[in-house]
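Below is one structure, written out as structure tokens; the observations come after it.
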Amino acid sequence: MPKVKIPRKSTFIDMTAMVDMGFLLVTFFMLATKFRPDEPVLVVLPSSTLTTPIPDKDLITITVSKEGRIFIGMDNPKHMSDMLDGFITRFAPNIKLNAEQKQKFSLQTSFGVPAKDLSSWLKLEPEELRRSQPGIKWDSIPDKNELFFWVWNARLASPRSQIALKADGETNYPIIKQVIQVLTNKTIQGHRFQMITSQEENRMAGSKPKEK
Amino acid sequence: MADIESSGGGGGKHKGKKRGKKLSTRIDMTPMVDLAFLLVTFFMLATTMAKPSALEVTMPTDEKPKEDITIPESKSMTLILGKDDQIFWYMGMLTKDPVISKTTYGPANIRKVLKAKQIEVRNIFVQKAKSQEIVVLIKPMKDSKYRNLVDILDEFEICGIKQFAVVDFQPDDQKNLKKKGLVE
């Protein structure tokens, strides 16, 4: 019986098409998405049907977590360091920070530490900075209200910035009220602000109330 | 790599002339594919898709207004946001002991109420030759959530209610709701 010769076929696969697809996907993700900002807490935004986009820059973001921790942040490092300088001058002149600590502060995208811990917090390693933030202190006495001083100095550092409130949907209302009270203060003049929400799919159908 | 060359590599038989070896124009794309998908993975993990939107609100500052704004009772509506997504609403003033109704969020509940009242108020004022819009006061109770407030403001946006205010929930309101047996 003659041997059946099986022709040796090349296992070379033409990958060009796969490369095309790969880079198509890369391009898509580059254009359609935004980098996730570094956040100290996870905030689940409440949904709304609005489609007004938030401005990309010049934004003072006040983040409120579910349990009521408050953070403030600005996208521009220059504004962040101006805010810090203003805060120290106006609220706590006895806080002494060196250039390195100030530099560290300006590179943060959001911040939430009581004034008394500010100096020791800025001694931490950059990786630890983000995690160990208990939130900005709020006080009913205006002179002791650190949140007020932070927001005020943020406004002074960047007067053109808009204020955005980024709060978790499950935050209890009294905490939000505290923040709104600060914003509507006549010194701050931040009574016009944006509430950041995530988009709901269908405008007319609406899916409220949501399941828990 | 991934392929086994089966063409047996040409050349080698020509001893006389030195001829340039015919090289394959095929390039091994495997590393490029690897790189492309590495980038895809990176972008998938490091970025966010959902674009947040914003709800712009303008609240009054805490300065004392020069004159007190009075709202005609007939066109004012009050929404009390309670816990567990409850809404209590009434027309007019609490001192007049209005009927307080209970509803919840969603197109079939609060939106219906808002739309109906909006039209009702418009009709009253059309007859009086004064075109006026409904004014809604929101009183969030202390155990309501931020989500409730956003939902209500969103409903206003949908219904086109432009005049509203967020006010404090007073102990009197609490007493009244208790008396009516709506809250414990």
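Name the long-range amide H neighbours of residue A:60: under 5 Å, sequence gap of 5 or more, or other chain; modelled H, no Pro or chain starts.
Amide H to amide H, under 5 Å and 5 or more residues apart or across chains, residue A:60 pairs with A:162, A:163, A:164.
Quick one: grab the alpha carbon gyration tensor of the range B:73-179, order the square roots of its eigenvalues as a ≥ b ≥ c, and give me rounded if a/c is under 1.5, else prolate or oblate depending on whether a/b is larger than b/c.
It comes out oblate by the Cα gyration axes.
Per residue of B:71-77, how many C-beta atoms from partner chains lie within 10 Å of its own C-beta, taken as a mean?
0
Compute the long axis of helix A:173-183 from its Cα atoms, compare it with the longest principal axis of the Cα atoms of chain A, and write down the angle in degrees, 0 to 90, nearest 10.
Helix A:173-183 sits roughly 70 degrees off the main axis of chain A.
Based only on other Cβ atoms within 10 Å, what is the fewest-to-most ordering of A:65, B:76?
Fewest-to-most Cβ neighbours within 10 Å comes out as B:76, A:65.
If the reach is capped at under 20 angstrom between alpha carbons, list the aspartates and glutamates near residue A:34, excluding any in the same chain fewer than eight residues apart.
A:56, A:58, A:75, A:200, A:201
Where does each of B:146, A:173, B:90 land when they are ranked from fewest to most other beta-carbon atoms within 10 angstrom?
B:90, A:173, B:146
Would you mind counting up the charge near residue A:163? Only other residues with Cβ under 12 Å from its Cβ, with Lys and Arg at +1 and Asp and Glu at -1.
Once positives and negatives cancel, what remains is +2.
With unit charges on the beta carbons (Lys and Arg positive, Asp and Glu negative) and the dipole taken about the Cα centre of the protein assembly as shown, which residue among B:100, A:175, A:98 sits farthest to the positive side?
Checking the options against the dipole of the protein assembly as shown, the answer is A:98.
Using the number of other C-beta atoms within 10 angstrom as an exposure proxy, rank B:77, A:18, B:49 with the fewest first.
Sorted ascending by nearby Cβ count, the order is B:49, A:18, B:77.
Counting only other chains, what is the mean number of Cβ atoms within 10 angstrom of the Cβ of each residue in peptide A:176-189?
Partner Cβ neighbours, averaged per residue: 3.
Classify the range A:99-178 from the C-alpha gyration tensor, please: rounded if a/c falls under 1.5, else prolate or oblate depending on whether a/b exceeds b/c.
prolate
Quick check on the range B:135-184: take the gyration tensor over C-alpha atoms, sort the square-rooted eigenvalues as a ≥ b ≥ c, and tell me if it's rounded (a/c under 1.5), prolate or oblate.
prolate
With the contact rule set at Cα under 8 Å and sequence spacing of 6 or more, what percent relative contact order holds for chain A?
Reported relative contact order: 27 percent.
Straight distance only, please: which aspartates and glutamates reach the Cα of residue B:142 with their own Cα at less than 15 Å, same-chain residues fewer than 8 apart left out?
A:67, A:170, B:84, B:85, B:168, B:172, B:173, B:184
Convert each backbone phi in the range A:106-120 into a coupling constant with the Karplus relation 6.51 cos²θ - 1.76 cosθ + 1.60 (shift: θ = phi - 60°), then list the ³J(HN,Hα) values in order as whole Hz, x for Gly and Pro.
5, 8, 6, 8, 8, 9, x, 9, x, 4, 5, 9, 4, 5, 5
Counting Lys and Arg as +1 and Asp and Glu as -1, each charge on the Cβ, what is the dipole of the protein assembly as shown about the Cα centre in debye, to the nearest 20?
It comes to approximately 1760 debye.
When ranked by the protection proxy of mean other Cβ atoms within 10 Å per residue, highest first, what sequence do the peptides A:108-115, B:100-107 form?
Ranking, from highest mean packing down: A:108-115, B:100-107.
How much net charge surrounds residue B:101 when only other residues with a Cβ under 13 Å from its Cβ are counted (Lys, Arg +1; Asp, Glu -1)?
After counting each charged neighbour, the total is +4.
Per residue of A:191-200, what is the mean number of Cβ atoms on other protein chains within 10 angstrom of that residue's Cβ?
Averaged over the peptide's residues, the number is 6.
In the protein assembly as shown, what % of DSSP beta bridges are antiparallel (nearest 5)?
55 percent
Values quoted throughout were computed directly from the atomic coordinates according to the rules given, and no laboratory measurement underlies them. Keep in mind it's a predicted model, so treat the numbers as computed, not measured. Cβ atoms come from the backbone with ideal geometry, glycine included; neighbour counts cover every protein chain shown.
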